[in-house]
Amino acid sequence: MAVIHRDTEAPPLLLTDFKPKSKLVTRETVVERPRFPVIDAHNHLSLEGFGGWDKRPVSELLDIFDRADVRVYVDLDGGWGEDILESHLDHFKSAAPERFRVFGGVDWTKWEEQGDRFPEWAANRLRKQAERGAEGLKIWKMLGLTVHDHKGHLVAVDDARLDPIWAVAGELKLPVTIHIADPVAFFDPVDGNNERWEELHDHVDWQFPSPPFPSFRTVVDGLANVVARHPETTFVGAHLGCYAENLQWVGDVLDRCPNFYVDISERIGELGRQPYTARRFFLKYADRILFGTDRAPEEYIYPTYYRFLETDDEYFDYGIEEIPRQGRWRICGLYLPDDVLEKVYYRNAARVMLGQTDG
């Protein structure tokens, strides 16, 4: 009888070289077009990695939208500066007024110059942006993490001095899309226990360890405080309210604050690994969830989102990267019913972003 010798000491394998191929046999459903029209309520057009569409023909972009049945695209890049707001209104909005919504923002760098007057100054600038054509306000994650006042103090998300900004947004009926925290793992030590180790080593500037930064809960609880303190203002918590890992927490804020909504942009990786909990969440809060991708509007991204929302496909890749962008796992579809899909794809954003009433 032949003796088979097995090597009991395999050579070391670098994590970057570990790219296992699943042997699971599952159904693969291709969903090129959604069951209902779509509003992409969270996206960008000029930032690095988003296609640089501010320097490309708008007609080419509209062709992509038409193939994916994206009727309206919310461009949040105006929040990076009023010069960008002006250029995007001129380049995109003027070319196709009904297809784009362009948001304004707050220039936090002016706090040192304006001193104690900064909050009122920023609120007045928001009025001017709205007069020019801005249709919402985008708050970036610098607030609560890196924004400092004129005395060098870190500004908390729920700093009462910012109340004039939120009040003006409510007065002008401008929705506030607010992103104030990245995934929880970004706040944890970047060690062998961190599930986003590879991502954080690729993007060192995404690491927010506490200290020196505030804790994750400090930041997201600050968001909840602001939303509760301004019931007249509509807030959209970007990326599942900035806490997709804990849908119970998000649901609690939704229950307490009828002025709070969430978008699903860049979080199907989180949602798809908890499909039972996520499906229950979608069914319960069907009127409060907005579709969004926060990815460059290329051909593959929309079918991936549609597959996740519409099918019960199992254990599939949520991106095209060889090593998954957000973590080494795959996702399962939610197989949402039509009434929920229609709200998430279009009706909720039509109400919140476009000011349309149901019916």
Taking first residues from region 165-177 that are of a type outside the set (Lys, Arg) and second residues anywhere that are surrounded by fewer than 17 Cβ atoms within 10 Å (Cβ to Cβ) and at pLDDT 95 or above, the pairs with Cβ under 6 Å that are 6 or more apart or on different chains are Gly170/Glu232
Reported set for region 302-324 where residues are over 17 Å from Ser22 (Cα atoms) and either modelled with pLDDT under 95 or not acidic (Asp, Glu) (or both) is Tyr302, Pro303, Thr304, Tyr305, Tyr306, Arg307, Phe308, Leu309, Thr311
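Restricting attention to region 144-152, does a residue exist that is of a type in the set (Asp, Glu) and out of contact with any helix residue (DSSP H, G or I) (no Cβ under 8 Å at 6 or more places or on another chain)? Quick ask: steps written out before the conclusion?
First, pick out the residues of region 144-152 that are of a type in the set (Asp, Glu): 149.
Still in the list and also out of contact with any helix residue (DSSP H, G or I) (no Cβ under 8 Å at 6 or more places or on another chain): none.
The answer is no, given that none of the residues of region 144-152 is of a type in the set (Asp, Glu) and out of contact with any helix residue (DSSP H, G or I) (no Cβ under 8 Å at 6 or more places or on another chain).
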Scanning region 181-205 for residues that are closer than 18 Å to Ala224 by Cβ and modelled with pLDDT of 95 or more gives Pro183, Val184, Phe187
Residues in region 137-164 that are part of a loop (DSSP other than H, G, I, E, B) and either polar (S, T, N, Q) or touching a residue at least 60 places away in the same chain (Cβ under 8 Å) (or both) total 7
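Looking at Val58, is it farther than 21 Å from Met142 by Cβ, surrounded by 20 or more Cβ atoms within 10 Å (Cβ to Cβ) and among the β-branched types (Val, Ile, Thr)? Let's see the steps before the verdict.
On the way: farther than 21 Å from Met142 by Cβ: yes; surrounded by 20 or more Cβ atoms within 10 Å (Cβ to Cβ): no; among the β-branched types (Val, Ile, Thr): yes.
So Val58 does not fit the description; no.
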Subset of region 280-300, residues farther than 14 Å from Asp40 by Cβ, in contact (Cβ under 8 Å) with a residue 40 or more places away in the chain and crowded, with 19+ Cβ neighbours inside 10 Å, comes to Phe282, Arg288
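Suppose we filter region 329-359 for residues that are of a type in the set (D, E, K, R) and either in contact (Cβ under 8 Å) with a residue 60 or more places away in the chain or touching a Gly at 6+ places or on another chain (Cβ under 7 Å) (or both); how many remain?
Here is the first cut: in region 329-359, the residues of a type in the set (D, E, K, R) are 330, 338-339, 342-343, 347, 351, 358.
From the residues that got through so far, the ones that are either in contact (Cβ under 8 Å) with a residue 60 or more places away in the chain or touching a Gly at 6+ places or on another chain (Cβ under 7 Å) (or both) too are 330, 338, 342.
Looking only at that region, the number is 3.
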Counted residues in region 167-206 being aromatic (Phe, Trp, Tyr) and over 22 Å from Ala156 (Cβ atoms) come to 1
All conditions in (1) part of a loop (DSSP other than H, G, I, E, B); (2) of a type in the set (A, V, I, L, M, F, W, C); (3) at pLDDT 90 or above are true of Leu85 except (1)
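The values are calculated or read from the model by the stated rules, or taken from the named source; none is laboratory data. All of these numbers come straight from a predicted model, not from anything done at the bench. Counting neighbours? That spans all protein chains shown, and the Cβs are built from the backbone with ideal geometry, glycine included.
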